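The values are calculated or read from the model by the stated rules, or taken from the named source; none is laboratory data. Owing to the predicted nature of the structure, the values given are computational and were not obtained by experimental measurement. Heads up, the Cβs are rebuilt from the backbone with ideal geometry, glycines too, and the neighbour counts pull from every protein chain shown. Note: accessible area is taken over every heavy atom of the protein model, side chains too, but ligands, DNA and RNA are not part of it. Shrake-Rupley method; radii C 1.70, N 1.55, O 1.52, S 1.80 Å.
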Amino acid sequence: MIYQKALASFFANYCRFLNVDLSVSLLDKSDRYNGRDIDALIVFQDSFIFLIETRGLSSVESNEDRAQLMARINTMVADYTTIHRDVPSFMDCNKIYNILIDSDFFAQVFLENTLIDYITKYSISSKDFFQKVKGIDINEEVRKKFKYSDENSIILVQAILEINNAFSHILASLKNNDDDALKNIEKARSHIYRATLDHYKMLIRLVYTQKNHTVNETITKKFQELRFKEFELIGTGIEKKVFLHGDKEENILTHYKETFNEMMMNDS
Amino acid sequence: MQAQRTSIHKRSYFNAPHLNTGSVSGSQYNNHKIKDNNPFDKSLIQVDDLLTKLFNKYNINK
């Protein structure tokens, strides 16, 4: 299955899932289904990352792997909708598939748009969160403060929820498919950006709280300046959240990441 | 670098509602209530296992 068809299948299935999940996550009384289903959202998130990361591959093998993944997602969503068959269908999800196959929208968003770059940055931040959290010996006081249960807690729920918000915006842009469609893509990018930032901010909170007495004043001052810059740039597009910090002009996301790394180096 | 994706069988979650993001209102979530006899959970585990395999096969660093 080529990238375009796989992506169309992905969003058609996400549409079927969301159509049910919008009601179930709010109204279902059982423990299993009440609230957002993080495990299901991770499956959608990682499937999307897989499709983006392998978009340049067109071998028979890669096409078969995409087809297998989409077939399993199809089964998963069918099982979900069967369990919740009482939830009415509000969306025409076949239309979503056709739009991605037939219109220019696919190329505009999933080949040319910087949305893809932000997904890649997000993917790297997930890895950073996973690796750094595993490498930090978090003391009892900090664990208690942040309700951090154990060292295996490597999935930051807030980031997953932000990615789900991004998918919802992409779906809305496909559903309406009008002149404003790209505005929803802008909003999707902002949620992905926010999710990436959350990973680094949470790392900073965990580490800084633990060792605030030993972090040198230069790094503390850098974080303070970053916070103020972030405030000054509220309301601007994510591409404009760029400024000179020290001797580098970078996006605020990069500044947070690099200052965090500096703090970690400073510790050793 | 070896690709890393933590499978559904091993991962756990960190919820930080105090993190000031737009997600706070949606931070109620469920996890670790997976039941093998539930058809949705069974198919969810199957997709998750396939993803772990594919991430390793294509060396996707996440």
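Summed over the range A:72-102, residues that are within 11 Å of chain B (Cβ to nearest Cβ) and within 23 Å of the chain's Cα centre (by Cα) total 6. Please enumerate the residues belonging to the range A:45-54 that are under 18 Å from A:A195 (Cα atoms), at the interface with another protein chain (Cβ under 7 Å from one of its Cβ atoms), in contact (Cβ under 8 Å) with a residue 24 or more places away in the chain and not hydrophobic (A, V, I, L, M, F, W, C). Scanning the range A:45-54 gives a single hit, A:S47.
Quick one: in the range A:1-37, of everything that is farther than 18 Å from A:N94 by Cβ and under 21 Å from the mean Cα position of the chain (by Cα), which residue is most open to solvent (accessible area, probe 1.4 Å)? Before the answer, list the steps.
The initial filter retains those residues of the range A:1-37 that are farther than 18 Å from A:N94 by Cβ, namely A:2-3, A:21-37.
So of that shortlist, the ones also under 21 Å from the mean Cα position of the chain (by Cα) come out as A:3, A:21-22, A:25, A:35-37.
Values: A:Y3: 16, A:D21: 3, A:L22: 90, A:S25: 19, A:G35: 3, A:R36: 53, A:D37: 5 Å².
Ranking the qualifying residues of the range A:1-37, first place goes to A:L22.
How many of the residues in the range A:8-24 are hydroxyl-bearing (S, T, Y) and in contact with a Phe, Trp or Tyr (Cβ under 8 Å, 6 or more places away or on another chain)? So that I can check it myself, show each step before the final result.
Step one: filter the range A:8-24 for residues hydroxyl-bearing (S, T, Y), giving A:9, A:14, A:23.
Restricting the remaining residues to those that are in contact with a Phe, Trp or Tyr (Cβ under 8 Å, 6 or more places away or on another chain) gives A:9, A:14.
So the answer is 2.
When A:S58, A:S126, A:S47 are screened for being under 16 Å from B:Y13 (Cα atoms) and small (G, A, S), only A:S126 passes. Beta carbons closer than 9 Å, at least 6 apart along the sequence or on distinct chains, pair a first residue in the range A:11-34 that is more than 15 Å from B:D41 (Cα to Cα) with a second that is surrounded by fewer than 23 Cβ atoms within 10 Å (Cβ to Cβ) and of a type in the set (D, E) for A:C15/A:D92. Checking each residue in the range A:104-127 for being more than 10 Å from every other protein chain (Cβ to nearest Cβ) and open to solvent by less than 40 Å² (accessible area, probe 1.4 Å) picks out A:F105, A:F106, A:A107, A:V109, A:F110, A:N113, A:L115, A:I116, A:Y118, A:I119.
Taking the range B:1-50 as the search range and keeping residues that are among the hydrophobic types (A, V, I, L, M, F, W, C) and at pLDDT below 60, which one is surrounded by the fewest Cβ atoms within 10 Å (Cβ to Cβ)? Even if it seems obvious, please write down each step before you answer.
Initial filter on the range B:1-50 (among the hydrophobic types (A, V, I, L, M, F, W, C)): B:1, B:3, B:8, B:14, B:16, B:19, B:24, B:34, B:40, B:44-45, B:47, B:50.
Of the ones still in play, those that are also at pLDDT below 60 are B:1, B:3, B:19, B:24.
Working: B:M1: 7, B:A3: 15, B:L19: 19, B:V24: 13.
Looking at residues that are among the hydrophobic types (A, V, I, L, M, F, W, C) and at pLDDT below 60, I get B:M1.
Scanning the range A:54-93 for residues that are under 14 Å from A:K5 (Cβ atoms) and either among the small types (G, A, S) or surrounded by fewer than 13 Cβ atoms within 10 Å (Cβ to Cβ) (or both) yields A:S58, A:S62, A:E64, A:A67, A:A71.
Scan the range A:23-44 for residues that are in contact with a Ser or Thr (Cβ under 9 Å, 6 or more places away or on another chain) and either part of a loop (DSSP other than H, G, I, E, B) or more than 7 Å from every other protein chain (Cβ to nearest Cβ) (or both) and jot them down. If you could, list the steps in order and put the result at the bottom.
Taking the range A:23-44 first, the residues in contact with a Ser or Thr (Cβ under 9 Å, 6 or more places away or on another chain) are A:33-37.
Correct list: A:Y33, A:N34, A:G35.
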